[in-house]
Amino acid sequence: MKVPIAYLSVVIVSSTTPLGIVWSSETVSPTMAVLLRMCIAAVLGTCVLLASRVRLPWSSQALRLYSYTNLGK
């Protein structure tokens, strides 16, 4: 994936933070707000991958990297 596309993806996902805060303070529990935010991010990320025809690697090294990056979230 090219760096500008990856950066744009991070910006789009991070821009849903205010939406999560509003949801958690008005309508649903904070845990549900986080779940909804991650689901929106997963759908958007999948759409970007499909639109750009990028194949997501599933090698053991890639899976290890994915698990390391999820530890920080």
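The values are calculated or read from the model by the stated rules, or taken from the named source; none is laboratory data. Remember, it's a predicted structure, so these values are computed and weren't measured experimentally. Methodologically, a virtual Cβ is constructed for each residue, glycine included, from the backbone with ideal geometry; neighbour enumeration extends over all protein chains shown.
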**Request:** Could you list, in sequence order, all residues of segment 21-47 that are in contact (Cβ under 8 Å) with a residue 12 or more places away in the chain and farther than 19 Å from Asn70 by Cα?
**Result:** Ile21, Trp23
**Message:** If I go through segment 25-73 residue by residue, how many of them are touching a helix residue (DSSP H, G or I) at 6+ places or on another chain (Cβ under 8 Å), part of a helix (DSSP H, G or I) and more than 16 Å from Leu8 (Cα to Cα)?
**Reply:** 6
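Can we say Val3 is surrounded by 11 or more Cβ atoms within 10 Å (Cβ to Cβ) and of a type in the set (Val, Ile, Thr)? Spell out the reasoning first.
Values: surrounded by 11 or more Cβ atoms within 10 Å (Cβ to Cβ): no; of a type in the set (Val, Ile, Thr): yes.
Judged against the criteria, Val3 is not a match.
With respect to Leu44, is the statement that it is closer than 18 Å to Ala6 by Cα, in contact with a Leu (Cβ under 8 Å, 6 or more places away or on another chain) and either surrounded by 10 or more Cβ atoms within 10 Å (Cβ to Cβ) or of a type outside the set (Lys, Arg) (or both) true?
Numbers: closer than 18 Å to Ala6 by Cα: yes; in contact with a Leu (Cβ under 8 Å, 6 or more places away or on another chain): no; either surrounded by 10 or more Cβ atoms within 10 Å (Cβ to Cβ) or of a type outside the set (Lys, Arg) (or both): yes.
Against the criterion (closer than 18 Å to Ala6 by Cα, in contact with a Leu (Cβ under 8 Å, 6 or more places away or on another chain) and either surrounded by 10 or more Cβ atoms within 10 Å (Cβ to Cβ) or of a type outside the set (Lys, Arg) (or both)), Leu44 does not qualify.
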**Prompt:** Restricting attention to segment 9-23, does a residue exist that is part of a loop (DSSP other than H, G, I, E, B) and either more than 15 Å from the chain's Cα centre (by Cα) or at pLDDT 85 or above (or both)?
**Reply:** no
